[in-house]
Structures are given as structure tokens and as C-alpha cells.
Amino acid sequence: MTRHIDPEQIQAVMNSLLEAVQREGLPMTPDARLAPDDAAKLLGLSPRTLKNARSPAHDQRGPAFRRLPGPKGGRVSYAITELAQWMAAR
């Protein structure tokens with residue numbers, strides 16, 4: 001059974017995250033993406049916990065992420081919208 005998440009709740013969480021990004025001075029890409037360490041800080045998680053949440057061994061229970069091609073498996077980033085959706089669903 002999939003839980004319905006109120007779009008207004010997601011928007012409220014996203015606004016809160018954007019305020020935190022500004023307050024903390026975290027770098028965000030023009031398309032509103034964050035590096036894993038910055039995303040972890042916003043979510044109140046350790047970078048290691050967020051990394052583990054990406055793992056298939058942990059059923060990928062963390063927020064959706066994008067892996068860009070590159071050396072050593074590529075660079076991971078998180079869209080602020082995906083972080084908000086994940087937080088609203090918890």
C-alpha cells in the first residue's frame with residue numbers, strides 16, 4: 001500500500017529545506033541539487049548513514065539520488081525536491 005503525501009506538506013518541507021540551505025550557506029547547483037555531505041547535514045543524518053541508505057543491501061531506503069558518470073563510480077547528488085518528498089513520507 002502506497003501512502004499518499006499531501007503536496008502542501010511536501011511544499012512546506014521543501015520551503016524549510018531551502019531556508020536551511022540559505023541559513024547554513026550550503027552550495028546548491030543551479031538545478032537545486034546538493035552534494036551527499038550537504039544533503040546529510042540537512043536531513044540530520046551522518047554522511048555514512050545517507051551513503052548506506054543508497055545501497056541495494058539496505059533496500060535503497062534513502063531519498064532518490066542521481067549518480068553522474070565519472071571516476072571511481074561517479075558523483076552522487078540529491079535534488080532538494082526528492083529530499084522534501086522523502087522527508088514528508090517519513
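The values are calculated or read from the model by the stated rules, or taken from the named source; none is laboratory data. Here the structure is a predicted model, which means the values were calculated and not measured. Here the Cβ is made from the backbone with ideal geometry for all residues, glycine too, and neighbour counts use every protein chain on show. Heads up: the accessible areas ignore ligands, DNA and RNA and are worked out on the full protein's heavy atoms, side chains in. Shrake-Rupley method; radii C 1.70, N 1.55, O 1.52, S 1.80 Å.
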Picked from region 57-90 (must be part of a loop (DSSP other than H, G, I, E, B) and open to solvent by 60 Å² or more (accessible area, probe 1.4 Å)), the residue farthest from I5 (Cα to Cα) is P69
In region 34-44, what residues are part of a helix (DSSP H, G or I) and in contact (Cβ under 8 Å) with a residue 40 or more places away in the chain? P36, A39, L42, L43
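If I ask for residues that are in a loop (DSSP other than H, G, I, E, B) and either at pLDDT 95 or above or surrounded by 13 or more Cβ atoms within 10 Å (Cβ to Cβ) (or both), which ones from region 45-56 would you list?
Keep residues of region 45-56 that are in a loop (DSSP other than H, G, I, E, B), which gives 45-46, 54-55.
Within region 45-56, L45, S46, R54 qualify.
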Restricting to region 1-44, count the residues that are closer than 23 Å to V76 by Cα, open to solvent by 40 Å² or more (accessible area, probe 1.4 Å) and among the hydrophobic types (A, V, I, L, M, F, W, C). 3
Which residue pairs have Cβ atoms under 8 Å apart, sit 6 or more places apart or on different chains, and have a first residue in region 17-33 that is basic (K, R) and a second that is part of a helix (DSSP H, G or I)? R33/I80
